[in-house]
Amino acid sequence: MTVRLAVSDGPTGTAAPTSQNWSPRRRPLRNRAVIVTPSAADAVLRLGGWLFDRSTAGWETIALAPGGDGARALQIVGAKVLDLDETLRLPDWAADVDELAVCAGLYSADLRVRDAVRTRLDRGTEATYLWGGASLEPEGDAALTRHRVSRAGLAFKRRAVEATGAGYDPTVGEELFWSASRRR
């Protein structure tokens, strides 16, 4: 018997999603968390435990990475991987996302990402996070948020980091990101 933990191709065993067969407007039965990252290594180092914990809690977790970069490492922590540029071309790509975690560098560099974050903040969506440094724009507020990674999350994160070839400090049990909100 083969067991697949935290990695799923879908309920029917279909191929992994692509921007062509994934719709941001399709409302899943599960909560959906999307992470926007410049690389798989950065994502698993900074938020791999958060992705794993969300995935094992029943969330649909999706990582948007350039060219589907590092798909194996992100799949280890339970994320489906989609091409960043293809997905950002879709209208309302961040609609119906329960939690959106965006690399601060991509927020600063890509107008499409910045517009999606601003739209979410204007709608009052609270579950929007920035990670990886840099600050929010002056009209926004940000609160430091800590995610305490589960023991299983640490183990899977370690394997995912190894898959990227990066170094890993197994004693780090928290992941930090900024929770964004718009001042009213």
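Values as computed for the structure displayed
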| read-out | value |
| --- | --- |
| Sequence of Arg158, Arg151, Arg120 once ranked by neighbouring C-beta atoms within 10 Å, starting from the fewest | Arg151, Arg158, Arg120 |
| R0 of 22 Å, Cβ-Cβ distance Arg72-Arg30: FRET efficiency to nearest 0.05 | 0.45 |
| Placed amide H near Ala101: partners under 5 Å, 5+ positions off or other chain | Val34, Ile35, Val36, Tyr129 |
| Sequence of Phe156, Phe177 once ranked by neighbouring C-beta atoms within 10 Å, starting from the fewest | Phe177, Phe156 |
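Each value in this text was obtained by applying a stated rule to the coordinates, not by laboratory testing. As the structure is a computational prediction, the values presented were derived from the model and not from experiment. For neighbour counting, all protein chains shown are included, and Cβ atoms are generated from backbone atoms with ideal geometry for every residue, glycine included.
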